[in-house]
Amino acid sequence: MKFTQLFISIIALVISLFVGYKVVKHQPQGAFNTKVAIIDSDKVINESLALQNIQQQIKEQSSKLQQEFESELENFKSPKEEFELLSEEAKKERTEQFNKHAISAKDNYAKKMSHLEENYRDAVDSIFNKIKEVAKKAAEKNNTDLVLFISKKNQVLYSMDEVDLSDTVLKNINKEVPKLIIKGVN
């Protein structure tokens, strides 16, 4: 019984290998001659001058917004000594006014931060569109059929140096878009 199952498995394996060989043998000429290249996404993202520039701008603008928010709240606060002199009714009214003002300031801050994030996404999209454009030019120059934008250290087990377009794309991106100014928030 065991020998029969083994014999049938071997026959099935031989037949599948034969059929697979026939399919590969009858493929059109050049069907497996696809030239592939990679672009190390980590390298391009981390070393792009424009991306570094917009990240710095975002950091500065968000810090400025945070300071404005804190300053606005601080300006509306009554000094502790002055607050202590108020009647209970006045303290309650002043606290309610402060809370309303704080909510308004927080909403305004949130809107500005949301707008800043939207501007950041637009700037990043613009840079990635430029990366695609530069990658396409490099691929056409090297007669490459497919370019993969992946993390080389995590997803590529082996590649020849010739198939890595990272340095070429990075050099051209930094030359074409060294800086990108994002829209400010008012």
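Rule-based calculations on the coordinates, nothing more; no lab input. Here the structure is a predicted model, which means the values were calculated and not measured. Here Cβ is always computed from backbone atoms with ideal geometry, including for glycine, and neighbour counts include all displayed protein chains.
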Least to most buried among S78, S87, by other C-beta atoms within 10 Å and fewest first, runs S87, S78
Inter-label distance for D161 and A102, nm, one decimal - labels placed 7 Å from Cα along Cα-to-Cβ:
6.2
Please state, to two decimals, what the Cα-based radius of gyration of segment 34-176 comes to when divided by 2.2 N^0.38 Å (N = residues).
1.75
Just to be sure I understand the model, the point goes 7 Å from the Cα along the line to the Cβ. What's the resulting E70 to K171 distance in nm?
4.5
Can you compute 3J(HN,Hα) from phi for each residue in segment 43-54, using the Karplus curve 6.51 cos²θ - 1.76 cosθ + 1.60 with θ = phi - 60°, rounded to whole Hz and x for Gly and Pro?
5, 5, 5, 6, 10, 6, 4, 5, 5, 4, 5, 6
Which FRET efficiency value, to the nearest 0.05, do you get for I181 and E89 by plugging their Cβ-Cβ distance into 1/(1 + (r/R0)^6) with R0 = 35 Å?
0.10
Amide H of I150 versus every other amide H placed in the peptide plane: which residues, excluding those fewer than 5 positions away on the same chain, fall under 5 Å?
I39, S41
Sequence-distant or interchain residues sharing an amide H contact under 5 Å with K35, placed H: which?
D145, L146
